[in-house]
Every structure is written in structure tokens, then in C-alpha cells.
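The values are calculated or read from the model by the stated rules, or taken from the named source; none is laboratory data. Model, not experiment: these values are computed from the prediction. Using ideal geometry, Cβ is built from the backbone for each residue, glycine included, and neighbour counts are taken over all protein chains shown. Note: accessible area is taken over every heavy atom of the protein model, side chains too, but ligands, DNA and RNA are not part of it. Shrake-Rupley method; radii C 1.70, N 1.55, O 1.52, S 1.80 Å.
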Amino acid sequence: MANNNRRTVTVRIQRFNPDADAKPHMQEYQVELVQGMTVLDALHEIKTHQDGGVTFRRSCRHAICGSCAMNINGRNTLACKTPLKNEIDKHGRVTIRPLPYLPIIKDLVVDRTTFWEEYLRVKPWLIPPDDIPEKEFRMSPEEVHALNNAETCIMCGACYSSCAVIGLNKKYIGPHALLKAFMRVLDPRDAAPAERLAEVSGADGVYRCHTIFNCIDACPKGLNPTQAIETLRKLAQKRQKYEQARRERQKHLNEPIP
Amino acid sequence: MTNSDAITHDVIIVGAGLAGSWAAMIAAEQGVRDVAVLSKLHPLRSHSGAAQGGIAAALNNVRPVAGTGPRGPLEQIPEGEEPVDSPELHMFDTIKGSDWLGDQDAIEILVNDAIDVIYQYEHMGCVFSRTPDGRIAQRRFGGHSAPRANFAADWTGHVLLHTIHEQALKHGVKFYSEWYVMDVIIEDNIVRGVVAINILTGEVHLLRAKAVMFATGGYGRAFKITSNAFANTGDGVAIAYDAGAPLMDMEFVQFHPTGLYRHGILMSEACRGEGGYLLNKDGERFMEKYAPDKMELAPRDLVSRSEQREIDEGRGVMEDGQAIWLDLRHLGREKIMERLPQVRELAIDFAGVDPIEEPVPIQPTAHYSMGGIPTDNNGQVIADAQGTPIVGFYAAGEVACVSVHGANRLGTNSLLEASVFGRRAGYAIAEFIKNGAKLHPVTGDPAERNRRMIQEMLDNPGKELVEDIAQELKATMTANCGIFRDDEKLKRALKDVRELQERFKHARVMDKSRRFNTDLLAALETKHLLTFSEVIVTGALNRTESRGAHARTDYPKRDDENWLKHTLARKGEDGRPELSYKDVTIFWDRFPPQERKY
């Protein structure tokens, strides 16, 4: 954690203001590498002391808000949890670009409209059964555990913007929204898994996934959208039976897990 | 732009964390059709999502295993067996935690509504951790005398935030993402609307509404080491104060005992709730000296002071001696992986330390703002000690001061407060609208006034960097208005803040463009920091006692005779805070003030 071993390193940032620039260009900055510094720290240092025009989103700075997803040395990730030194050691410098496949608003800020539209499309909210208990629905620790892969998703968009299918077809629901759909489909409290499975197995859904696994590589939370998509595919093939099983399960949602 | 071409809504809510989203969802559910939420971030980026350890409610799902003592294992309470917890006990713990500055009528509402709110979250699809028989899992937390922190691993705030946002969407709430509110229009004690920048275009708009609610979060960014997000710049308190609303108890700022060394990032209190130790450089569990009963699970103000004392007396760790060890190793891999997975990842990513193998260096970090915009128990903002309402103006969550936390908040009570009082504000707003609330006219052209102010900032050729001013402010607030305060330090802080306010007049915004100008936003945010910091310091300087998080070394005792009262600060005609005071609501027969020992 000491501030010794200081050295100056090069940070290249893709700049683009559509109001002023014909096309994006790269701009180089020098920052002093302090031990423990993240890529977000470097961006912040550049913005506050060298060039206030450099524009990016950020908030929590500890990988929970999902604001600062960007492309760092060719990989989509969160700037706040990427150690600057690692990137320098590996690549000699840091090159930062906005998330690919999305319109650029300014510099590293992208327009996520399609990303949020797809999120809405899968109806991210729970569709509860009619019979609501006085206290909580009973869920086993195992049933909860099965959702962990999806419930910790921070909707940063790193997966979406690394997905080759999205690159070609913005109508694809996308790994983030499919992961959300997976979470609802698997939740024993959700009363509409068949309807959800019908939606996600349509023309823009799970069969579009080419299992290239880019989303897994990109996910800064270590989640596995591909596996969720695989699960949805399997369940979609027997969705009436799955719905039937869900109705059975929901008869006991108000009872202690044995 | 004139009045007539302003954007209008029935209800405008500023801030999309738990409090704002609850209010929006409830108002919409109650039949208010035109509810809009403005947030300077996308709603899912709100800082509620960063809360980790839990949300309090006396659900009575678990109890300590008999005969294992206060730190022993927990088990689910078998069906039909005696409860160990109650709202009454939760109420007492909260009052004691608040060092008797919390209003007891509000606290009673908090603990009673708590149970229903948690079940509602669960029914809306929130994914909680579970007991073996399928109930919501609970853990211990500091200052709570029963295990009542309901949790989802250590990402509780995250799942609550996503759940409530989904519900607001389901109910047709309109979200304005990345709109920055810079002014609230209040005339004749009636709210009229807000002025906001559409960050994308840089355009400034007047938005008129029958009701305006602030749910903009806290003000921890005024300090150097903080767990708060970049966004937590106290915009709401500063804007309300500038518009003539009072602020209450601003001097009470909570320092959380376990911020990651140098980063300030939160290592959840759940670390200690699950049994983690705090050690000084001699490997001593020093809390034995300060809170022999509760040890590491004493309330946050006490633990942070104890840590600071160890550090100040030379028993800190790391090269500069400014840290303490948080030791989780004895919990074992399995428990850490199941209960504290996010904390482990944060320690690895940001400190290069795996808590399974090594202790984690931590230090106190500015975490929570107990003070804020005073409201009644339904989120209605009040203008004075008598409770005169500012008609149509509501606030809830960290920006508000109801006050349930008084001089020190207990862990897991903030997610609860944002939810309970956000929900109540939602009902109150719906009622207000349904009872025929009107759109009131706006005098003059406030959008143009704000546009001119922005233009002046953009045109300012000054030599000062905004960031330098912000950093100097944080340095003086931390050194002189931090965990330990005294008259001399506070006077220095006040002098510094005022000098920095002057220097800010020569601050230069580097980015002159309209589109997505976050450099300009940082300048506006820094202006807000400077505004409310003066109120914090003034309140702290006047309050010649120690209570909760406000610890004065020159007045080390709580002084109920003179200071069992809330501070109200209002912007005076000279632009300086004018202080007055407001009684604390105390149920003298039930919870009279007593000595606060743990």
C-alpha cells in the first residue's frame, strides 16, 4: 500500500463528442502510477487535474453499481475493479474505449437504450401466485442458491457489449436480460414460468446464443449467463411440464421446508 | 422557457434509491397516474444497492443456541416456540443507539412497519437467504440485542434495490435517468417544482409538480475516507437549504468502523455480526476495554472511537499505523464463502488480501448522514420546530431526518428507514394528490436563472481547480470535524470551509461543452459540499456535549439538561446558518434517557 515505486504510465482514451468531432480519436495522457491505483482512479486523476472534458460514468467505485463498465485493453470490465498496474504490466499501457456495439454519447459514455429495453421486455419483476401468505413464502436454501448466479447481476452491460450476437442483431434479448429471465423462471414464487419461457425461446431469444462464452469472460461478477441460457433452452422444451411442476410446488409455498 | 412550456407531472420524486422508488411505486399503486422519478444516475446505480449486511425487523426466525452466549451460533426457532425478539426490543435498541436523540414516535413506527415491509419485499420477489425451514435468514448486528438483520448474503441492498425498481417499472412509474436536479422551487411555503439539467443534452428545464419528494441520499462525500459513492454529495440537503428549508441534526455523521484501509470501501458490519474480530498491532481484541459486553458488536460510533483511540495511541497497524485488523480467519472458508462472498471479493480486489487467509486492514470511514431535511412521520417536510408543513414537499431516506437515528444509527436500520418512510411518503403523497392538490404557479423564470448561473460557471476564467477545493474541504472535515472534535478544531474547520467557499468563486470548469458535462456536475456537487459542510460544522461547534457520533473531547459527557434537542439550521439573510432547536419526542414513561453502556 505504500506510495513508493512511483512511475509515469500512459493511458490512451478514446474521445468522441458527436457535437464537435467527425469521428472518434485516441488521446494520450500520462499519469503517475500509485500503488493500489485502479483504472477508474487514473481516469479520475486525468479528469480532475488534466482534462475535465474526459467523460465517463462512475459511482460506487466498488463493483456494485455497474456504472463504469468500459473496454479496457480490449476487454469489457469495470474500471473501478481493474488494477492499473496489472494492465500496465501486461500491455505496457492502458487503452480505454467505450463498450462496443452501442452508440456513443460522449467519450466512454454509451447509449444503453436497447440494453434497458430488453431488460424490460423480459418483465424483470416477479409475477406472484394469487395466494399471498401472511408471512414469507417458504424457499429452501438450495432454491435460493440456484438464483445466486443471477441475483448478483449488477446490469453493468459488460456481457451485452461483448456478445457477438448483439454485435449483429440488436433485437436479441441479450445475456443480461436472459439471466434476469432465468432468475424469475427458476424462482419457485414466480407463477408464470411458461409464459416467460415462451418469450425467451422466441425468435430473439435463447436460440440466438452461439455459446461463444464472451459474456462469461466479460462478467466482472463472475456470473455465467451462457449456462443460464442453456438452462432456459432445456426448460423451454418442456415448459408446460415445468409450469405444472411449479404449480405443484406453489401449493406448498406457505409450508415449512421439510 | 416560461411557466407554460415547463414539463409537468403530478408527482416528481428526486432520487431512485429505496426511498424514492418505494414512494413512486406506492403512489402509482394508489392510483396516482403521473409519477416521475428523476435521478442523476440510472436508478439501479443508486447507492442503496451498496448496502451489504441486512435490513432490521423482529421477525423471530432465529435465536441464539441456548447456553452458547452472546457470540454463539444461531438456530431457527422451531414452529410454535417462544419468540426472542419484539418490535419493543428493536425500539429500545434503536433509541439507545440514537443516544436518546431519536424521536420515539417515529422509531415506534419504524419498528412496527418493519415486519410488514420485509414481507412485502419478499412477496415482490426479493431473494433473501433462508433458514433450513425456508424462512428469511437473520444474523446479529451491532447494538441490536437480538438477531434481527434480515439478509441476502452480503448484497442485501442490491437485491432490495433491484426488487423495488422492478416494481416501480411494473406500476408504470416514469423514470428520467441522468437528470440532475439543481433547484427546488418553494414560494409561500408551497412547493412548485424543480429545475433540472438533462445531463445528456445539457439543457436546463423547469419541471412543475403538485408534490415534490427528495430522496437523494446522504452527504458522506464531504469526508476524505468514505464508504460513499461519488454520487453521495448531499445535493438534496444543499438544494433544500438554499431554497429556505431547514436542516436538522447535520452535525451527526456516522463513521463506520470497518472501511477498507485507504479506500474507505465498506467491509460490512456483517463481518462482525458473523463473529469477526478487531485486533490492534499487539493482536489484542481491544474492544474488551471499551465495550466488554457487546465487544465488536457495540454500536458503530463507539467502535469507531475505540479504533481511533487505538490508532492515536500508537497501536494501529500498517506502515503508517492508521489501520486496524479485521480478522475473519476463524470463521472458516465455508462460512465466509456463504455469508460474506462480496466482502471477500472486495478485500481481494482492493486490498490484495484474502480474508480466509489473512486479516484485512480497515479504518473508520464516513458512512451515514444522520442529519437531513426534517420531516414528520409521513415524509412531509416541516419548516420549523412547530412542524409547519412546506406544502407538497416530501423527503425520505438518508436525505431526510425524521428522526429515527438520532445521534447514531444502528446497522440495518438505514435500509429499513428508507423503505418504511419511503413507503409512508408514497401513501401520503397519493392522499395529497387525491385530495385535490394543485399545480401552483411559479414566479419569474427559475430555469433561466439556473441557466445563467451555469453559464457564469462555464465562463469563469478562474485559476482554481474544483477538485483541489473539494480535496481540501474533505481534508479539513476529516481532520477537524471527524470522529473526535473540539472547539479549536471546529473553529479551524469553519474558517477553512468559508475560505474554500470564497475560493470556489474562482473555480474553473474545464469542460465547456453542453453534452453530458460531468465536469460541470462535479462543480455543482462541490458547491453543495461547501454549502452543507458549513452547516455540519456550525451545528457541531454549538453543540457543547458528546452524544452518539458527535464526540467532543472538550465536552466528553452527554448533557441532557442542555442538549436533549435537535439542531435546526436555516440559511440566514447573510447566507450563514442560523441555528434554532427542536424538542425530541420522548415517551418518558417507557424509554426515559439513561446512561448508554454496552
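Applying the condition of being in a loop (DSSP other than H, G, I, E, B) and either touching a helix residue (DSSP H, G or I) at 6+ places or on another chain (Cβ under 9 Å) or modelled with pLDDT under 95 (or both) to region A:21-46 and asking which residue is most open to solvent (accessible area, probe 1.4 Å) yields A:GLN35.
This table checks each residue for (1) within 13 Å of chain A (Cβ to nearest Cβ); (2) outside any strand (DSSP E or B); (3) closer than 17 Å to B:GLN52 by Cβ; (4) over 23 Å from the mean Cα position of the chain (by Cα).
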residue	(1), (2), (3), (4)
B:ASP99	no, yes, no, no
B:ALA114	no, yes, no, no
B:VAL159	yes, yes, yes, no
B:VAL181	no, no, no, no
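When residues in region B:183-203 are screened for being open to solvent by 10 Å² or more (accessible area, probe 1.4 Å) and not in a strand (DSSP E or B), 5 of them pass.
Look at A:ARG97 and say whether it is within 11 Å of chain B (Cβ to nearest Cβ), of a type outside the set (A, V, I, L, M, F, W, C) and either more than 21 Å from the chain's Cα centre (by Cα) or open to solvent by 30 Å² or more (accessible area, probe 1.4 Å) (or both). No. Out of curiosity, is B:TYR581 in a strand (DSSP E or B) and either touching a residue at least 12 places away in the same chain (Cβ under 8 Å) or touching a Cys at 6+ places or on another chain (Cβ under 7 Å) (or both)? Judged against the criteria, B:TYR581 is a match. Counting only strands (runs of 3 or more DSSP E) that sit wholly inside region B:300-416, those with at least 1 residues that are out of contact with any Leu (no Cβ under 6 Å at 6 or more places or on another chain) and open to solvent by 10 Å² or more (accessible area, probe 1.4 Å) are B:360-369, B:380-382, B:389-395. In the set (1) in a helix (DSSP H, G or I); (2) at pLDDT 95 or above; (3) open to solvent by 10 Å² or more (accessible area, probe 1.4 Å); (4) of a type outside the set (Asp, Glu), A:ARG138 fails one condition alone, (1). Take the residues in region A:5-20 that are part of a loop (DSSP other than H, G, I, E, B) and open to solvent by less than 40 Å² (accessible area, probe 1.4 Å); name whichever of them is nearest to the other protein chains (Cβ to nearest Cβ). Per the stated criteria, the residue is A:ASN17. No other residue among B:GLY436, B:GLY444 is part of a loop (DSSP other than H, G, I, E, B), among the small types (Gly, Ala, Ser) and open to solvent by 50 Å² or more (accessible area, probe 1.4 Å) apart from B:GLY444. Here A:THR77 fulfils each of the conditions (1) facing chain B (nearest Cβ under 9 Å); (2) among the polar types (S, T, N, Q); (3) farther than 25 Å from B:MET510 by Cα apart from (1).
Checking the stated criteria, B:GLY53 turns out to be open to solvent by less than 30 Å² (accessible area, probe 1.4 Å) and outside any helix (DSSP H, G or I). Could you go through region B:6-19 and let me know if any residue there is among the aliphatic types (A, V, I, L, M), closer than 22 Å to A:THR113 by Cβ, more than 13 Å from every other protein chain (Cβ to nearest Cβ) and open to solvent by 10 Å² or more (accessible area, probe 1.4 Å). The answer is yes, given that some residue of region B:6-19 is among the aliphatic types (A, V, I, L, M), closer than 22 Å to A:THR113 by Cβ, more than 13 Å from every other protein chain (Cβ to nearest Cβ) and open to solvent by 10 Å² or more (accessible area, probe 1.4 Å).
For every residue, the table says whether it meets (1) touching a Lys or Arg at 6+ places or on another chain (Cβ under 9 Å); (2) open to solvent by 20 Å² or more (accessible area, probe 1.4 Å); (3) closer than 30 Å to B:LYS582 by Cβ; (4) aliphatic (A, V, I, L, M).
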residue	(1), (2), (3), (4)
B:ASP85	yes, no, no, no
B:GLY97	yes, no, yes, no
B:TRP100	yes, no, yes, no
B:ALA152	no, no, no, yes
B:THR156	no, no, no, no
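Would you be able to say whether some residue in region B:255-262 is in contact with a Lys or Arg (Cβ under 9 Å, 6 or more places away or on another chain), in a helix (DSSP H, G or I) and crowded, with 21+ Cβ neighbours inside 10 Å? No: zero hits. Does B:LYS489 satisfy the criteria of being touching a Leu at 6+ places or on another chain (Cβ under 9 Å), under 21 Å from B:GLY220 (Cβ atoms) and among the basic types (Lys, Arg)? No. A single entry from A:LYS90, A:LYS81, A:LYS47 fulfils the requirement of being basic (Lys, Arg) and touching a residue at least 40 places away in the same chain (Cβ under 8 Å): A:LYS81.
I'd like the full set of residues that are under 20 Å from B:ALA479 (Cβ atoms) and under 27 Å from the mean Cα position of the chain (by Cα), limited to region B:313-335. Passing the criteria: B:GLN322, B:ALA323, B:ILE324. Could you list, in sequence order, all residues of region A:123-132 that are open to solvent by 10 Å² or more (accessible area, probe 1.4 Å) and not aromatic (Phe, Trp, Tyr)? Answer for region A:123-132, where residues must be open to solvent by 10 Å² or more (accessible area, probe 1.4 Å) and not aromatic (Phe, Trp, Tyr): A:LYS123, A:ILE127, A:PRO128, A:PRO129, A:ASP130, A:ASP131, A:ILE132.
Only residues that are under 22 Å from A:VAL122 (Cα atoms) and surrounded by fewer than 18 Cβ atoms within 10 Å (Cβ to Cβ) were counted in region A:244-258, giving 3. Residues in region B:134-142: is at least one surrounded by fewer than 21 Cβ atoms within 10 Å (Cβ to Cβ), at the interface with chain A (Cβ under 10 Å from one of its Cβ atoms), over 22 Å from B:ARG409 (Cβ atoms) and at pLDDT 95 or above? Checking region B:134-142: not a single residue is surrounded by fewer than 21 Cβ atoms within 10 Å (Cβ to Cβ), at the interface with chain A (Cβ under 10 Å from one of its Cβ atoms), over 22 Å from B:ARG409 (Cβ atoms) and at pLDDT 95 or above. Only a single criterion out of (1) surrounded by 23 or more Cβ atoms within 10 Å (Cβ to Cβ); (2) on the phi < 0 side of the Ramachandran plot; (3) under 23 Å from the mean Cα position of the chain (by Cα); (4) not basic (Lys, Arg) is not satisfied by B:VAL127, namely (3). For region B:263-279, a residue qualifies if it is crowded, with 24+ Cβ neighbours inside 10 Å, away from every other protein chain (no Cβ under 14 Å) and not in a helix (DSSP H, G or I), and the qualifying residues are B:GLU269, B:GLY276, B:LEU278.
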